[in-house]
Amino acid sequence: MHLEEKTLSSEKLFDGKVVKLYVDKAELENGDKVYREVIEHPGGVGVVALDESENVIFVRQFRYPHKKVLLEIPAGKLEYGESHYDCGLRELKEETGCTCEKYEYLGRLLPTPAYDSEIIHMYLARGLKYGEKKLDNDEFLETEKIPLLKAAEMVMNNEIEDAKTQIAILKTFLFLKKSY
């Protein structure tokens with residue numbers, strides 16, 4: 001059981017629309033017992049929408065926990081049972097009005113692995129075709145185009161705070177520039 005923890009019990013304390021909260025009792029490899037608070041989340045998808053001039057389509061939206069507007073790539077929460085592939089295409093269309101000819105998987109990230117089960121999948125969308133946004137009733141955002149190089153510089157200068165956006169932008173930049 002090296003570097004593993006055995007779950008002894010699990011109690012659901014909250015069952016919300018987006019997350020579920022559990023308190024688990026676990027046994028460490030040395031036999032000690034500890035409590036772990038775990039947030040269960042269905043996961044999400046973020047999409048780097050890149051036009052023919054290497055501009056990225058971003059969204060600006062208010063993020064309640066931080067009480068401010070953040071600059072992010074189009075993204076959304078997976079519905080339970082939904083494929084991340086389909087979710088990304090749906091979110092791209094809803095938030096930007098775009099569909100794409102080329103859709104490439106950039107990988108996945110674990111944003112807060114110490115206490116949250118969320119996995120975010122990242123995609124690169126190219127060959128964009130523009131249409132109308134289809135925002136949810138409780139979704140308010142603005143879109144903005146920023147050149148990929150400038151976006152990467154903004155990440156490095158701490159002007160883009162969102163983790164999925166930082167990682168997806170830098171992965172896209174390295175993927176396209178083959179600098180890894």
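Taking the Cα of Glu40, stepping 7 Å toward and past its beta carbon, and measuring to each backbone N in the range 84-128: which are under 20 Å?
84, 110-121
Tell me, what ³J(HN,Hα) does each residue in the range 110-120 have, in order and in whole Hz, if you take phi through Karplus 6.51 cos²θ - 1.76 cosθ + 1.60 with θ = phi - 60° and put x for Gly and Pro?
Karplus values, whole Hz, x for Gly and Pro: 10, x, 9, x, 5, 8, 10, 7, 4, 10, 10.
Mind pulling the angle between the C-alpha long axis of helix 84-96 and the longest principal axis of the chain? Nearest 10 degrees, somewhere in 0 to 90.
50 degrees
Can you list the HN-Hα couplings for the range 142-156, worked out from phi with the Karplus curve (6.51, -1.76, 1.60; θ = phi - 60°), rounded to whole Hz and with x for Gly and Pro?
In residue order, the calculated couplings are 10, 9, 8, 9, 9, x, 4, 4, 5, 4, 5, 5, 4, 4, 5 Hz.
Normalised by the empirical 2.2 N^0.38 Å for globular proteins, what value does the Cα Rg of the range 23-167 take?
Ratio of Cα Rg to 2.2 N^0.38 Å: 1.18.
Using alpha-carbon pairs under 8 Å, 6+ residues apart, how would you state the relative contact order of the range 44-177 in percent?
Answer for the range 44-177 is 33 percent.
With charges only on Cβ, +1 for K and R and -1 for D and E, what is the dipole size of the range 44-177 about its Cα centre, in debye, rounded to 20?
That gives a dipole near 260 debye.
Give me a comma-separated list of calculated 3J(HN,Hα) values for the range 122-135, in order, Karplus coefficients 6.51, -1.76, 1.60 applied at θ = phi - 60°, integers in Hz, x for any Gly or Pro.
Taking θ as phi minus 60°, the curve returns 10, 10, 10, 10, 9, x, 6, 10, 9, x, 8, 5, 9, 5 Hz for the range 122-135.
Based solely on its DSSP helices, what 222 nm [θ] is calculated for the chain when runs of n ≥ 4 H residues each add -39,500 (n - 2.57) and the sum is averaged over all residues, nearest 500 deg cm²/dmol?
-6500 deg cm²/dmol
Please list the non-local residues whose amide H lies under 5 Å from the amide H of Glu118, H modeled 1.01 Å from N, same-chain partners needing a gap of 5 or more.
So Glu118 has HN proximity to His41.
Only the coordinates and a few stated rules stand behind these numbers; no lab work does. Because the structure is predicted, anything quoted here is derived from the model rather than measured. Quick reminder, even Gly has a Cβ in these numbers, built from the backbone with ideal geometry, and neighbours come from all protein chains shown.
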